[in-house]
Amino acid sequence: MKRTLYIISLLLCFNLFGQTETTLEPKIENCAWIAGNWKGEAFGGQTEENWSTPSGGSMMATFKLINDGQVSFYEIEIIREVNDTPMLQLKHFNSELKGWETKDETVDFPLKEITATKVVFEGMTFEKISDNEMNVYVDIENKNGEIDIVKFNYKKS
């Protein structure tokens, strides 16, 4: 009997400490903390990502990667509401602004959940570390067809 009570007590403790953050409504306003001018390092170079505040039902960003003093590529990113839930969409461009995707094609990341410190899309997660720091985790398929998770650590500039 003591052993059973001990196991139940342990399970209750693990359950209390293992609880995740409260899920917020799937609204653009709950992504607002992403807004700002962010700088970091990834892919062997310097990265910049500049997000607008929510307006007109969307947020917009530009991204660029600089390697050896030259732009390697750009992205235009948006978070907009599709069927009453945020969706992240982006397009890539080379250094001469020639698109990687076809004219009407976007790379889409449907929303999975929003908490006070995370906005989780399928394949990309924004994690708030503080008001001036965030991590972005991106799933990228490697040459072997496996998924690598690339971490971008950004500081607000």
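Counting only other residues whose beta carbon sits under 9 Å from that of Gly40, what net charge do I get with K and R as +1, D and E as -1? Walk me through the numbers before you get to the answer.
Working: positive: Lys39, Lys155; negative: Glu41, Glu48, Glu49.
Net of charged neighbours comes to -1.
Counting pairs of alpha carbon atoms under 8 Å apart in space and at least six apart in sequence, what relative contact order in percent does the chain give? If you can, show how the numbers build up before the last one.
Numbers: 310 pairs, mean separation 28.8, N = 157.
With pairs under 8 Å counted, the relative contact order is 18 percent.
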Need the full-extension length gain, Glu29 to Asp148, defined as separation in residues times 0.36 nm minus the C-alpha distance. One decimal, nm. 39.9 nm
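With runs of 4+ DSSP H residues as the only contributors, calculate the mean residue ellipticity of the chain at 222 nm using -39,500 (n - 2.57) per run, divided by the residue total and rounded to the nearest 500. Write out the running numbers ahead of the final one.
Numbers: 1 runs with 16 residues, N = 157.
Using -39500 (n - 2.57) per qualifying helix, the result is -3500 deg cm²/dmol.
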Any idea which of Ile114, Leu88, Gly36 is furthest toward the positive side of the dipole for the chain, if Lys and Arg beta-carbons carry +1 and Asp and Glu beta-carbons -1? Ile114
Determine the shape class of the stretch 27-72: with a ≥ b ≥ c the square roots of the Cα gyration tensor eigenvalues, call it rounded for a/c under 1.5, and otherwise prolate if a/b is greater than b/c, oblate otherwise. prolate
Once the dipole of the chain is set up with Lys and Arg at +1 and Asp and Glu at -1 on Cβ about the Cα centre, which of Val136, Asn50, Ala61 lies farthest towards its positive end? Val136
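Once the Cβ-Cβ distance between Ile129 and Ser52 is put in as r, and R0 is 25 Å, what FRET efficiency do you end up with, to the nearest 0.05? Mind dumping the intermediate values first?
On the way: r = 21 Å, r/R0 = 0.83.
The value I calculate is 0.75.
From the C-alpha coordinates alone, can you work out the Kirkwood hydrodynamic radius of the chain, in Å? Mind showing how you got there, number by number?
On the way: mean 1/r = 0.0572 Å⁻¹.
About 17.5 Å, per the Kirkwood formula over Cα pairs.
Rank by packing, highest mean first: peptides 39-49, 71-81, with packing defined as the count of other Cβ atoms within 10 Å averaged across residues. The partial results should precede the final answer.
Details: 39-49: 15.3, 71-81: 17.2.
Ranking the peptides 39-49, 71-81 by packing returns 71-81, 39-49.
Throughout, read-outs are computed from the coordinates displayed, never taken from laboratory work. Computed from a predicted model, the values in this text were never measured in an experiment. Positions of Cβ are generated from backbone atoms using ideal geometry, with glycine treated the same way; all protein chains shown enter the neighbour counts.
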